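One structure is given here, and the rest of the page talks about it.
The values are calculated or read from the model by the stated rules, or taken from the named source; none is laboratory data. Since this is a predicted model, take the numbers as computed values, not measurements. All Cβ positions, even for glycine, are placed from backbone atoms using ideal geometry, and neighbour counts span all protein chains on display.
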Amino acid sequence: MTRLITSLLCAGLLLVSAGARPVLAQGDAELQIQMSEARRHFEALEYEQAVPSLDRAIALLQARPGEDTRRMLAEALELRARSRFGLGDQDGAKQDFVLLLKADPGHAMSGSVSPRVVALFDDARKTTVTTLNLAVTPPDATILLDGQRVSPGSIAVLIGDHTITASRTGYKTDSLTFSAMAGMTAEASLTLPRTSAVIALVTAPADVEVLVDGVSRGRTAAGPPPADYTSKATAAGINPADLSGVLMLTDLAAGSHRIQFRRACYALAERRQEISQLDDYVLDPVKLSPAVATVTAQSPQPGTTVYVDGDSKGSAPYTGELCEGAHTIELRAPTGRYMRRVDAKAGQRIDVSGALRPAFALVSSTQTSLNTDLRIAVEKAFEPLRSIAVFAPPADALDAALKAEKLPPDWLGYDANRRPVGVSAEVTAAMRRDLSAKLAKAFDAQGIAAVTAPIATNRSRIVLTLLGAGIAEPDIIEVNLDQQDTVANAVAQFDQALSFLAPSIGLTAIDVADLAGPVIVAIDANGPAAQAGLQPGDTVVAADGKPVASATDLLNAVAAHGGGSVALDVKDRAGAQKRVEPKVLMRPRVIGISDQTMFVNRTLVALRARLSEAKDPSEQAAIRLNLAAALVRLESWSDARRELEQVTLTDGPGVGTGTVQYLMGLCSAKLGNRVEAETALKAAAASNNLLTEDGPPVKELAEARLAELAGNVRR
């Protein structure tokens with residue numbers, strides 16, 4: 001056994017140390033199998049089996065680039081050369097040593113190798129490799145020898161022509177070529193000329209944008225930084241764990257430079273750096289201070305969610321930090337929102353609270369070329385609104401929503417005469433109804449809005465369009481943003497109060513020239529005025545002992561009574577004077593279904609918001625009745641009918657059950673339900689109720705509708 005081991009040592013056939021083997025790429029199963037088989041056969045002295053496995057492994061490695069592959073290829077070639085030597089194939093062994101040196105000129109034999117194998121390897125080296133003495137200034141430059149990274153000093157190189165390239169930040173890249181000859185040491189040197197100064201820096205925290213003389217030069221990345229920065233940070237009272245990695249500022253000329261450090265939620269930091277000569281400079285660690293305000297948002301309405309810059313922060317009340325800068329704070333509920341744009345300052349405390357209003361999202365604008373957003377100008381102009389809110393969603397969110405529906409920015413343009421402008425003329429009523437619902441939902445609003453500048457040369461004169469969710473017919477108003485009185489007038493029109501219940505004594509009076517006091521022209525037969533003995537033709541001269549000069553004075557006198565009775569002094573047609581005390585009742589009021597001046601979209605969203613808050617059944621009934629009337633005005637017959645089905649009114653004068661039945665009959669007729677329409681209209685025709693508090697009687701209207709239905713049948 002001793003003699004065998006000695007002969008193996010002489011033949012140089014012991015394996016290299018397993019610890020020196022390169023690690024194979026994970027997942028390269030075929031290569032791993034071949035190398036493992038080759039080593040196993042080699043260790044078992046089975047050279048004939050080792051060579052085929054090494055042939056396959058070498059073929060796989062030669063097809064793969066990379067530094068690790070090159071080292072592994074050298075190991076495989078060494079194993080095959082020594083296996084061939086063990087089989088007596090010295091020429092094959094020498095050829096493998098030549099291939100090995102071409103793959104790795106600096107390769108050294110490892111393990112216990114016989115002098116005969118070493119001599120064969122050295123023989124191959126003499127004809128393949130020589131030495132290069134390389135000097136580069138600066139010494140820390142990046143050096144590539146034929147594309148492979150090397151370090152200055154003595155380097156083993158293949159005999160033949162080579163190219164050396166050296167580069168370093170702040171220096172001009174340079175290269176040279178040389179020829180290495182067998183048996184001769186090659187000499188090469190490169191001195192790179194300096195071209196600019198370089199500044200190295202770290203920040204706490206990381207992810208800080210760095211600007212030099214106002215120009216962004218990148219952001220610091222996460223650490224860790226070099227050890228020398230750690231000691232500097234500790235000395236400056238900075239936690240080393242907060243430091244970023246090193247950012248290199250290159251291409252800096254001599255002179256004074258302003259370096260700024262910017263990150264959201266932190267105060268802007270600044271350094272001045274004098275560069276007296278082109279050199280390398282290292283800044284001390286730069287620490288940024290947090291710059292945040294505190295925001296507190298609260299709402300009187302239950303179920304309100306707080307949003308900051310479009311992100312939900314949970315239910316109100318809410319307290320949190322706000323980065324320094326511009327932000328939008330919103331309070332949102334299913335029936336409306338409150339919005340406030342703020343410019344937060346470090347250390348500031350911002351309190352946000354307000355009444356939620358039905359909101360219209362500005363989703364269309366004819367502006368396409370100006371740098372300013374016309375929607376923002378309209379939002380600001382109409383900020384005083386109290387009944388509704390008009391807001392501009394973020395431009396990027398709006399652009400995405402319009403692209404999803406394949407809509408241009410000016411898809412909802414109207415002029416002051418309610419005529420569609422441009423592409424808006426191609427949008428049908430059904431499309432507007434569908435889009436108003438979709439876009440209102442997309443922006444968590446109760447409706448949508450558009451701003452149109454009909455005159456291209458005057459962007460201050462605009463038309464504001466409002467569409468409630470699921471509505472096709474718009475509200476239109478024209479204002480001049482440069483004339484505050486026109487905006488104030490529009491705000492006043494939108495903010496006209498909606499009243500659902502009004503005090504009434506069941507009469508209608510008018511002013512007559514040359515008569516002191518209003519004349520009664522109509523009496524509700526079942527109302528308090530009729531029961532008190534008042535008749536058409538009577539003139540009211542006083543109320544509660546005070547003179548009444550007009551119908552308005554009479555209305556005001558009645559309105560002053562929330563209940564009880566009002567004392568009226570009246571004269572009959574013959575001039576006889578009497579005092580009566582009709583009882584004041586709270587009766588429902590209904591908007592006119594033919595009123596073309598009404599902002600019906602604004603009215604609808606306001607009514608829906610009020611309905612969600614109403615607790616009293618009589619108030620709920622009055623609101624639903626007005627909702628139905630507004631929907632009838634828009635010819636939304638199905639929606640109006642659904643509201644009417646939930647309305648129950650007490651019997652009484654003025655607006656009552658007959659009003660509900662008339663509107664129900666009108667909706668049923670439009671929906672093609674003749675039987676239901678006739679039943680409702682007959683009930684209305686049998687009542688003494690009015691369509692609105694001022695008339696006309698629903699009896700007359702219902703009889704006319706019934707006649708129309710009968711006429712349609714005969715035809």
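Annotations
- Residues that are more than 18 Å from Arg608 (Cβ to Cβ), in contact with an Asp or Glu (Cβ under 7 Å, 6 or more places away or on another chain) and in a loop (DSSP other than H, G, I, E, B) are absent from the range 481-489.
- Of Gly654, Gly695, Gly658, all but one fail to be at pLDDT below 95, buried (at least 22 other Cβ atoms within 10 Å of the Cβ) and on the phi > 0 side of the Ramachandran plot; the exception is Gly654.
- Residues in the range 72-100 that are in a helix (DSSP H, G or I), more than 60 Å from the chain's Cα centre (by Cα) and not hydroxyl-bearing (Ser, Thr, Tyr): 18 in all.
- Among residues of the range 532-556 that are farther than 14 Å from Leu515 by Cα and assigned by TED's automatic domain parsing to the domain that holds Val521, those with a beta-carbon under 6 Å from a residue that is buried (at least 20 other Cβ atoms within 10 Å of the Cβ) and small (Gly, Ala, Ser) at least six positions away or on a different chain give the pairs Ala543/Ala557; Leu554/Ala509.
- Per the listing Ala621, Ala629, the residue uniquely free of Cβ contacts under 8 Å to residues at least 40 places away in the same chain, surrounded by fewer than 21 Cβ atoms within 10 Å (Cβ to Cβ) and farther than 18 Å from Arg433 by Cα is Ala621.
- Elements of type strands (runs of 3 or more DSSP E) contained in the range 358-461, each with 1 or more residues being modelled with pLDDT of 95 or more, more than 20 Å from His327 (Cα to Cα) and over 19 Å from the mean Cα position of the chain (by Cα): 447-452
- Qualifying residue in the range 343-354 (condition: among the small types (Gly, Ala, Ser), within 21 Å of the chain's Cα centre (by Cα) and surrounded by 14 or more Cβ atoms within 10 Å (Cβ to Cβ)): yes
- Looking only at the range 524-564, residues that are assigned to a loop (DSSP other than H, G, I, E, B), of a type in the set (Gly, Ala, Ser) and closer than 19 Å to Thr650 by Cβ come to 5 in all.
- Residue check, Glu67 over 22 Å from Val157 (Cα atoms) and either in contact with a Gly (Cβ under 6 Å, 6 or more places away or on another chain) or not aliphatic (A, V, I, L, M) (or both): no
- Counted residues, the range 283-319 - those being under 28 Å from Gln260 (Cβ atoms) and in contact with a strand residue (DSSP E or B) (Cβ under 7 Å, 6 or more places away or on another chain): 14
- For the range 258-277, the criterion of being over 33 Å from the mean Cα position of the chain (by Cα), buried (at least 17 other Cβ atoms within 10 Å of the Cβ), touching a residue at least 60 places away in the same chain (Cβ under 8 Å) and not in a loop (DSSP other than H, G, I, E, B) is met by at least one residue.
Yes or no, residue by residue, for (1) over 30 Å from Ala614 (Cβ atoms); (2) in contact with an Asp or Glu (Cβ under 7 Å, 6 or more places away or on another chain); (3) surrounded by 13 or more Cβ atoms within 10 Å (Cβ to Cβ); (4) among the hydroxyl-bearing types (Ser, Thr, Tyr):
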residue: Pro503; (1), (2), (3), (4): no, no, yes, no
residue: Ala509; (1), (2), (3), (4): yes, no, yes, no
residue: Pro518; (1), (2), (3), (4): yes, yes, yes, no
residue: Ala522; (1), (2), (3), (4): yes, no, yes, no
residue: Gly527; (1), (2), (3), (4): no, no, yes, no
residue: Gly545; (1), (2), (3), (4): yes, no, no, no
residue: Gly564; (1), (2), (3), (4): no, no, no, no
